[in-house]
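The structure appears below as structure tokens.
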Amino acid sequence: MADPILRNEVAMSPVDEFDLRGCIDRQAIEDLLYRYSDIVTRGAWDEDESLFVPDAVLEIASPFDTRVEGAEAIRQYRAGTASFEFLIHTTFAPVIRLLAHDRAQATSQTHEMVRSLAGDATADGEPAALNAEFFSVYYDEILRINGDWRFAHRRCIPIYAESGALMGQALATRSSLWKSG
């Protein structure tokens with residue numbers, strides 16, 4: 001019998017179906033995290049609700065102290081950034097823990113760059129401009145609903161902010177980024 005190495009055969013251990021399902025689920029959850037970043041960056045709010053379960057919660061800790069409940073309310077809250085000149089949201093280094101066939105937790109880091117136009121107004125009607133760079137950690141509770149992974153609870157902990165950091169020129173409007181193909 002010929003040597004397996006000479007015949008270009010590779011000895012592989014059988015793949016456990018549970019391990020394979022775990023890999024597929026982790027990839028789908030990672031995709032969910034990246035789709036969130038994509039939707040925020042492009043301002044594609046019509047796609048937003050597909051990321052959340054109907055009674056989802058979005059929390060952003062101090063200094064923002066924000067809590068929004070419900071997928072529609074989250075979409076409306078995030079659509080409030082439509083007038084921003086740009087908002088770039090980048091997710092990286094996700095760690096995903098599968099808890100059950102329909103439950104998972106994820107931790108990820110984000111880098112956001114946000115600049116609004118000078119014409120935006122504060123709550124008291126005064127013109128205000130937002131020019132900041134943020135780094136945050138997200139803690140997520142994620143559920144599988146009808147075969148799709150969705151956010152049930154997103155908790156954002158800002159860890160660094162720098163104001164006035166974004167001095168460059170915006171080369172594209174957010175509305176020009178809406179098309180994804």
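Structural remarks
- The residue of segment 147-166 that is nearest to the chain's Cα centre (by Cα), among those that are small (Gly, Ala, Ser) and under 22 Å from Glu59 (Cα atoms), is Ala152.
- Any hit, segment 49-71, residues being out of contact with any Lys or Arg (no Cβ under 6 Å at 6 or more places or on another chain), surrounded by 15 or more Cβ atoms within 10 Å (Cβ to Cβ), charged (D, E, K, R) and under 22 Å from Ser176 (Cα atoms): no
- So Phe84, is it among the aromatic types (Phe, Trp, Tyr) and more than 16 Å from Arg174 (Cβ to Cβ): no
- Leading residue by the ranking (modelled with the lowest pLDDT) among those in segment 159-181 that are touching a Phe, Trp or Tyr at 6+ places or on another chain (Cβ under 6 Å) and over 18 Å from Leu117 (Cα atoms): Ala161
- All positions within segment 76-89 that are surrounded by 14 or more Cβ atoms within 10 Å (Cβ to Cβ) and either of a type in the set (Ser, Thr, Tyr) or within 13 Å of Arg154 (Cβ to Cβ) (or both): Tyr77, Arg78, Thr81, His89
- Residue within segment 141-158 that is at pLDDT below 95 and part of a strand (DSSP E or B) present: no
- The strands (runs of 3 or more DSSP E) found wholly in segment 34-131 and carrying at least 3 residues that are within 23 Å of Tyr160 (Cα to Cα) and at pLDDT below 95 occupy 84-100, 103-116.
The values are calculated or read from the model by the stated rules, or taken from the named source; none is laboratory data. For clarity, every value in this text was computed on a predicted model and none was experimentally measured. Glycine also receives a Cβ, built like all others from the backbone with ideal geometry; neighbour counts cover every protein chain displayed.
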